[in-house]
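*Asks:* Here you go, one structure.
The values are calculated or read from the model by the stated rules, or taken from the named source; none is laboratory data. Here the structure is a predicted model, which means the values were calculated and not measured. Here the Cβ is made from the backbone with ideal geometry for all residues, glycine too, and neighbour counts use every protein chain on show. When the accessible area is computed, the model is the full protein with side chains, heavy atoms only, and any ligands, DNA or RNA have been set aside. Shrake-Rupley method; radii C 1.70, N 1.55, O 1.52, S 1.80 Å.
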Amino acid sequence: MINSLLIFSIPYEPVVFGVKLNMHLILEYLAFFLAFRYYVFLRKRSTDVISSNNRLSIIIGAIFGALFLSRLIAFFENPVAHIQEDWLYNLNNKTIMGGLFGGLLGVELAKKIIGEKHSSGDLFTLPIILGIIIGRIGCFLAGIKEFTYGKETTLFTGMDLGDGIHRHPIALYEVVFLTVLFIIIRRLQKSNLTFKNGALFKLFMVSYFSLRFCIEFLKPNSFYTLGLSSIQILCLICLVYYYKFILQGITYVRKKLYVL
């Protein structure tokens, strides 16, 4: 159904001047560039309570944390297959989920080292979402060359991602979800509601990790402990990490429903 609306085949690899372009790699670098420029734009238009030096230390902590855990979690997605690959393959193999949680841990460690007490996540929230959206479009264009494709399905959303089988387009599901989440968080920022520092970043993390826990069941994963994949185990760890925020959200919603 979806593939009938496309004007190109998946994987999409256009040829320019005789050179086949890797659209996933191009969009991945574009995601980093645009996300960072958007962050710089937002920081100039906001009052940042964190000094430039501390903000730089926080960014460095996020980068190193993301680099480490993104590779580690990606390896454990399918360790039997990955252990047969060379070190360069495993070095380049990564997952955004490990990157997000590793970045979070790297930020918290950096803040402890420099003694920064203020929450730093809200300013990164929308740029991160924008970057993931662009990156996921690249994953979609890569078809089954990237492990963001789903199981075979007969649903109307199923499409041929390059192997002749109608599969769940997991990457597109994420693009739609993150686009809606971006709009919601942007409107919350512009609303008259008052949020604690870091609340919007926590909302993003809880929402996205909850989504990924669910849609991992739609992927041809290797399932380990309790029938869960490594990504799903990481999602649960993240949700436990934010359990206080989740309980506060549940309490808030219950009060609102009670008033209604």
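*Asks:* Using 20 Å as the cut-off for backbone N distance, which residues of region 121-160 belong to the label zone defined by a point 7 Å from the Cα of Ile63 along Cα→Cβ?
*Replies:* Flagged as within label range: 121-132, 135.
*Asks:* In addition: Specify the angular offset, from 0 to 90 degrees and rounded to the nearest 10, of the alpha carbon long axis of helix 243-259 from the longest principal axis of the alpha carbons in the chain.
*Replies:* Helix 243-259 and the main axis of the chain meet at about 80 degrees.
*Asks:* Report the calculated FRET efficiency for Ile114 and Thr154 (r = Cβ-Cβ distance, R0 = 51 Å), to the nearest 0.05. Before the final figure, lay out each step's value.
*Replies:* On the way: r = 54 Å, r/R0 = 1.05.
E between Ile114 and Thr154, to the nearest 0.05, is 0.40.
*Asks:* May I ask you to give the percent of accessible area on the chain that is carbon plus sulfur, with a probe radius of 1.4 Å?
*Replies:* Accessible surface attributable to carbon and sulfur in the chain totals 67 percent.
*Asks:* If I take every Cα pair under 8 Å that is 6 or more residues apart in the chain, average their sequence separation and divide by the length, what percent do I get for the relative contact order? Provide the component values of the computation, followed by the final result.
*Replies:* Working: 313 pairs, mean separation 58.1, N = 260.
Reported relative contact order: 22 percent.
*Asks:* OK, next. Give me the dipole magnitude in Debye, nearest 20, for the chain about the Cα centre, with unit charges on the beta carbon: positive for Lys and Arg, negative for Asp and Glu.
*Replies:* Numbers: 26 positive and 15 negative charges, 286 e Å.
I would put it at about 1380 debye.
*Asks:* Then there's this: Just to confirm the number: angle between the C-alpha axis of helix 122-141 and the first principal axis of the chain, 0 to 90 degrees, nearest 10?
*Replies:* 0
*Asks:* Turning to a different aspect of this structure: Using the basic label-point model (7 angstrom from Cα toward the beta carbon), what is the Arg43 to Lys145 distance in nanometres?
*Replies:* 3.4
*Asks:* Please give the contour-minus-distance gain from Lys196 to Val176: 0.36 nm per residue of separation, less the Cα-Cα distance, rounded to one decimal in nm. Don't jump to the answer; show the numbers that get you there.
*Replies:* Details: separation 20, 0.36 × 20 = 7.20 nm, distance 2.71 nm.
Taking 0.36 nm per residue and subtracting the Cα distance, the gain is 4.5 nm.
*Asks:* Would you pull out the residues with amide H under 5 Å of His166's amide H, same chain only if 5 or more places away, H placed 1.01 Å from N?
*Replies:* For His166, the qualifying residues are Thr153.
*Asks:* Next question, about the same structure. What shape does region 35-190 take by its C-alpha gyration tensor, where a ≥ b ≥ c are the square roots of the eigenvalues and a/c under 1.5 counts as rounded, a/b above b/c as prolate, and the rest as oblate?
*Replies:* Numbers: a/c = 3.04, a/b = 1.47, b/c = 2.07.
Verdict is oblate for region 35-190.
*Asks:* Still on this model: Where nothing but the Cβ of Lys and Arg (+1) and of Asp and Glu (-1) is charged, how large is the charge dipole of region 111-229 around its Cα centre, in debye to the nearest 20?
*Replies:* Computed charge dipole of region 111-229: roughly 600 debye.
*Asks:* Quick check for you: with a 1.4 Å probe and neighbouring chains kept, what is the accessible area per residue of the chain, in Å²? Walk me through the intermediate numbers first.
*Replies:* Working: 15380 Å² over 260 residues.
Accessible surface, normalised per residue, equals 59 Å².
*Asks:* Any chance you could give the angle, 0 to 90 degrees and rounded to 10, that helix 170-190 forms with the longest Cα principal axis of the chain?
*Replies:* 20
*Asks:* Using the charge dipole of region 127-260 (Lys, Arg: +1 at Cβ; Asp, Glu: -1 at Cβ; taken about the Cα centre), state which of His168, Phe217, Cys238 has its Cα farthest towards the positive end.
*Replies:* It is Cys238.
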